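Okay, structure first, notes after.
FYI, it's all coordinate maths here, none of it is from the lab. Quick caveat, the model's predicted, so the values are computed rather than measured. Don't worry about glycine lacking a Cβ; one is built from the backbone with ideal geometry, like all the others, and counts go over all protein chains shown.
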Amino acid sequence: MIKSNIRKLTKREINKALFSNFNREQRVTRCWRKAEGEWVLKDIAFTENWRDDQYEELVRYLVNTVDTGGTVWGVFKSERLIGFASLENKFFGSQSQYLQLSSIHVSKESRGEGIGRQLFFEAYKRAAEMGAGKLYISAHSSEETMAFYHRLGCVEAKEYNETLVAQEPYDCQLEYVLDQQ
């Protein structure tokens, strides 16, 4: 794992220019879908790449995370953003056990270097400090994304957050128990 410069981002730093060299491209060939109660891989091919308006929406979302007491981290190489993650501040679940890891992304050219893992465990540490029992992740259902989360020890969420399911019905709802590291 390459140790990169990771730090919390301030509201002032989160702007469209921060993402000017960030490459979100992801070529997807297969996605997980639940069929008759079982998870199966389906041939679903597309390329995901954020448009300009999606970056504007991302900036609004991340600024809101900071404004509401959540945390946003950035990973930098030579002053260039190559990864980011966000943890929300609102507890939910039947026992208020969950905090949402609302985003985690690594720029295409930096994937496979352990940056996503670094970001994940920064969120883990912060969620544990805040008293959460579990991280909740509404994750892209692509084969590669799910492999990443499963390698870290994430499993299907015991309780689904119906609001997040409604927002992204094809996402996989995952959890990570915070005392397992």
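How high is the relative contact order of the chain? Use alpha-carbon pairs under 8 Å, at least six apart in sequence, and give a whole percent.
On the way: 310 pairs, mean separation 37.3, N = 181.
The normalised contact order for the chain reaches 21 percent.
With helices as the sole contributors, the chain gives -8000 deg cm²/dmol at 222 nm; each DSSP H run of n ≥ 4 counts as -39500 (n - 2.57), and the sum is divided by every residue. Exposure proxy shown here: for ASP171, ASP52, the number of other Cβ atoms within 10 Å sets the order, fewest to most, as ASP52, ASP171. As a rough footprinting exposure proxy, the listed residues MET146, MET130 were ranked by other beta carbons within 10 Å of their own, and the order from fewest upward is MET130, MET146.
The aspartates and glutamates whose alpha-carbon is closer than 16 Å to the alpha-carbon of LYS8, local same-chain residues fewer than 8 away aside, are ASP67, GLU79, GLU88, GLU122, GLU129. GNM on the chain, alpha-carbon springs under 10 angstrom: the most fluctuating residue among SER142, SER107, SER94 is SER94. Once you reduce the stretch 136-175 and the stretch 38-101 to the center of their Cα atoms, the two points are 12 Å from each other.
Give the relative contact order (percent, whole number) for the stretch 139-181; include only Cα pairs under 8 Å separated by 6+ residues. Could you put the intermediate results ahead of the total?
Values: 33 pairs, mean separation 20.7, N = 43.
In percent, rounded to a whole number, it is 48.
Counting 0.36 nm for each residue step from ASP67 to MET130 and taking away their Cα separation leaves a gain of 21.0 nm. Taking label points 7 Å from Cα along the Cα-to-Cβ direction, ARG60 and TYR170 give a separation of 2.3 nm. Residues of the stretch 138-165 falling in the label zone of ARG27, defined by backbone nitrogen less than 19 Å from a point 7 Å along Cα to beta-carbon, are 141-148.
Sites listed here are trypsin sites (Lys or Arg not before Pro) in the stretch 53-159 whose DSSP assignment is loop and whose Cβ has at most 14 other Cβ atoms within 10 Å: LYS90, LYS158. Subtracting the Cα-Cα distance of GLU144 and THR10 from 0.36 nm times their residue separation leaves 45.2 nm of extension gain. Among VAL59, VAL40, VAL106, which one shows the biggest mean-square fluctuation in a GNM of the chain, springs joining Cα atoms closer than 10 Å? Checking each option, the largest mean-square fluctuation is seen for VAL40.
FRET efficiency for the LYS158 to ARG117 pair, using the beta carbon distance and R₀ = 25 Å, is estimated at 0.60.
How big is the Rg/Rh ratio for the stretch 1-126, C-alpha atoms only, Rh by Kirkwood, two decimals?
Values: Rg = 15.9 Å, Rh = 16.0 Å.
A ratio of 1.00.
How big is the dipole moment of the stretch 63-181 about its Cα centre under a simple scheme where the beta carbon of each Lys and Arg is +1, that of each Asp and Glu is -1, and everything else is neutral? Debye, nearest 20, please. Spell out each step's value before the answer.
Details: 11 positive and 16 negative charges, 67 e Å.
Dipole size: approximately 320 debye.
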